Amino acid sequence: MDLIIYAVVALIAGVGGGYVLATTAIRKNIEKKSAQLVKDAEAEAEVIKKDKMLQAKEKFLQLKAEHEKAISQRNNEIGQAENRIKQKESSLGQKLEETKRKQSELDKQREHLQKQVELVSTKQEELDRQHRVQVEKLESIAGLSADEARNQLVDALKEEARTEASAHIKDIMEEARLTASKEAKRIVVQTIQRVATEHAVENSVSVFNIENDEVKGRIIGREGRNIRAIEAATGVEIIVDDTPEAIILSCFDPVRREIARLALHQLVTDGRIHPARIEEVVAKTRRQIEEEIVETGKRTCIDLGIHGLHPELTRMVGRMKYRSSYGQNLLQHSREVANLCAIMAAELGLNVKLAKRAGLLHDIGKVPDDEPELPHAILGMKLAEKFKEKPEVCNAIGAHHDEIEMTSLISPIIQVCDAISGARPGARREIVESYIKRLKDMEQLALSYPGVSNTFAIQAGRELRVIVESEKVTDKDAEMLSFNISQKIQNEMTYPGQVKVTVIRETRAVSIAR
C-alpha cells in the first residue's frame, strides 16, 4: 500500500515537472517568435516609410513642376496682355491724331458754312424786298390787297371742292346701294360653302345590345328588383321586350341615357348585378361622364384654337355635347357657328379669334348648372361677364336673339351665323324642343313639393316617377302627394293622353359587419 502511494506521488511529481518544463519551453518559443515578428514588423515599417518618402518626394516634384508651368503660362498671358495694351495705346494715339485732324477740318467747314449762311441771308433780304415791291405794284394794278385776293381765291376753291365732293358722294352712295346687297350675299354664300357639317337629329332612345336573352333575366333580377334599381338610380326607362339581343333605354336627357348605357355595359361585363352594385356603378359612371365632359370642352377649344377660356366655361362647352336644340346637337351647332363666324369676320376684316370665341359661347346659356327664369341669351351673357370675357363677346352672346342692343360689329355676325347653322335643311326639328321642355317642366313641378328628392319623366312623358325621402314623407303622405301632383299637372300643363304619377318611398337599414 505504501508503495502504491509512493508511486502515485512520484507520478504526480513527474507530471508536474514535465508540465513546468513544457511550459518553459513554450514560453521561450513564443518569446522567440514575438521577437522575430517585431523585427519583421520593424523591417516592413522601414520599407513602407521609404516608399512613402519616395512617393511624397515624387508628389512634391510633380506639384512643383505644375506650379512652375502655371507660373510660366501666367507670365505668358501677362506678356500677351501687355502687348495688346501697347497695341491699343498705339491705336488710340493714332485715332486721337485722326480725330484732331477731322476736328480741324470741321472747324474750317463750319466757318465756310457761316459765311454761306450770311450770304444767303443777305440774298433773302434782297428777295423779300423785291417781293414786297412786286406785291405793292400788283395791289395798285388790281385794286385789291393781298389778303383780300387770297380770301377770294380760297372761297372760290372751297365752293368748287364742295360741288365736286357732293357729286362724288352721290356717286359713291349709288354704287354702295347697288353693290352692298350683292357683296353681302357673296360673303354669306361663300361662308356657307366653306363650312360643310353633317347634321344628325337627336332622338330620345338608345339601344343596348346584349349577347343573349339570358342577360335580360339577370338585368331584370328577382321580381324586377334590378331593373327598378337601375331606373331609380339613372332616371331612364328600360324597356325589355321580345326584341332579340337588345334592350331599349328611353329618356329625353342624353346624359342620363349615356350614364345608363355605360353602367349597364359595365354591369353586364362584370356579371355582378344587384341593387347595391348598381348604385355603385351608376355613381362611378356619373363621375366618369363628368370627366369626359371636361375633356370634351378642352378638346373643342384646342380644335378651334381658342385659348384662355375659364375652366367653368370649358366645362359648359363640354356639356353641350349632351344637349340638343330643336333636335340639333348643341356642341356641333356651336362649333359650326364658331367656324362660320371666323370665315365671315375674316372676309370683313374683323377680329377672327374674337368672333370664333363668341360663336362658340353664344348658346352657353342653354347648359347652366341651374336654370333660372331668364332667356338663354341673357343668361349666357351674364355667365360670360362673370368669367371675365371681353365686352364684345358678352354683347354678341346677349344680342344674338335681339334681347339687348348690339354695340359691336361682331354681334350681327353671331346672329347671322346662328341663323345660317339652324336654317340648314334637316338641321333642326321643332317638336323635339317643345317635347323636352314639357318633360322638364313636369319634373320641376314635382320637385317643388317638400320631401321630394328626385323626379324622372319616362315613357315619353306618359309616366312621372317621384322619389321621396322616407324620413320626411310617410306612406299616407306619399298617396296624398301622388294625388296632388297629378291634379297640378292636370290643371297647369298641356299634354297628350294621360300621365301616370308614381311616388316611390324606400326605407333602408344598413349595418356593416367588421
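The values are calculated or read from the model by the stated rules, or taken from the named source; none is laboratory data. No experiment lies behind these values; they were computed from the predicted model shown. Neighbour counts run over all protein chains shown; Cβ positions are idealised from the backbone, glycine included. Side chains are part of the model used for accessible areas, which takes the heavy atoms of the whole protein and leaves out ligands, DNA and RNA. Shrake-Rupley method; radii C 1.70, N 1.55, O 1.52, S 1.80 Å.
Across region 501-510, the qualifying residues are those that are more than 15 Å from Q444 (Cβ to Cβ) and at pLDDT 85 or above, and the one among them that is surrounded by the fewest Cβ atoms within 10 Å (Cβ to Cβ) is T502.
Being in a helix (DSSP H, G or I) and modelled with pLDDT under 85 is the filter here, so list the residues in region 347-363 that pass it. I'd like the intermediate steps shown before the answer.
If we filter region 347-363 for residues that are in a helix (DSSP H, G or I), which is where we start, we get 347-348, 352-361.
Of everything in region 347-363, those that are in a helix (DSSP H, G or I) and modelled with pLDDT under 85 turn out to be E347, L348.
When region 346-368 is examined, which residues are found to be buried (at least 24 other Cβ atoms within 10 Å of the Cβ) and touching a residue at least 60 places away in the same chain (Cβ under 8 Å)? If the condition is that a residue be buried (at least 24 other Cβ atoms within 10 Å of the Cβ) and touching a residue at least 60 places away in the same chain (Cβ under 8 Å), then L360 is the only one that fits.
Considering (1) under 19 Å from R323 (Cα atoms); (2) surrounded by fewer than 17 Cβ atoms within 10 Å (Cβ to Cβ), the lone condition that K388 does not fulfil carries the number (1). When region 311-328 is filtered for residues that are open to solvent by less than 20 Å² (accessible area, probe 1.4 Å), of a type outside the set (G, A, S) and in contact with a Pro (Cβ under 9 Å, 6 or more places away or on another chain), only M316 remains. Residues of region 222-254 being touching a residue at least 40 places away in the same chain (Cβ under 8 Å), surrounded by fewer than 21 Cβ atoms within 10 Å (Cβ to Cβ) and of a type in the set (G, A, S), which ones? Result: A229, A232, S250. Of everything in region 395-435 that is farther than 21 Å from L379 by Cβ, assigned to a loop (DSSP other than H, G, I, E, B) and open to solvent by 20 Å² or more (accessible area, probe 1.4 Å), the residue that is modelled with the highest pLDDT is L409.
Residue-level analysis places R272 among those that are surrounded by fewer than 17 Cβ atoms within 10 Å (Cβ to Cβ), assigned to a loop (DSSP other than H, G, I, E, B) and either touching a strand residue (DSSP E or B) at 6+ places or on another chain (Cβ under 7 Å) or not β-branched (V, I, T) (or both).
Listed conditions (1) touching a Lys or Arg at 6+ places or on another chain (Cβ under 7 Å); (2) in a helix (DSSP H, G or I); (3) open to solvent by 60 Å² or more (accessible area, probe 1.4 Å) are all met by Q487, apart from (1). Is it true that L383 is over 17 Å from the mean Cα position of the chain (by Cα) and surrounded by 20 or more Cβ atoms within 10 Å (Cβ to Cβ)? In short, yes. The residues of region 324-365 that are of a type in the set (G, A, S) and within 18 Å of H310 (Cβ to Cβ), listed by number, are S334, A338, A358, G359, G365.
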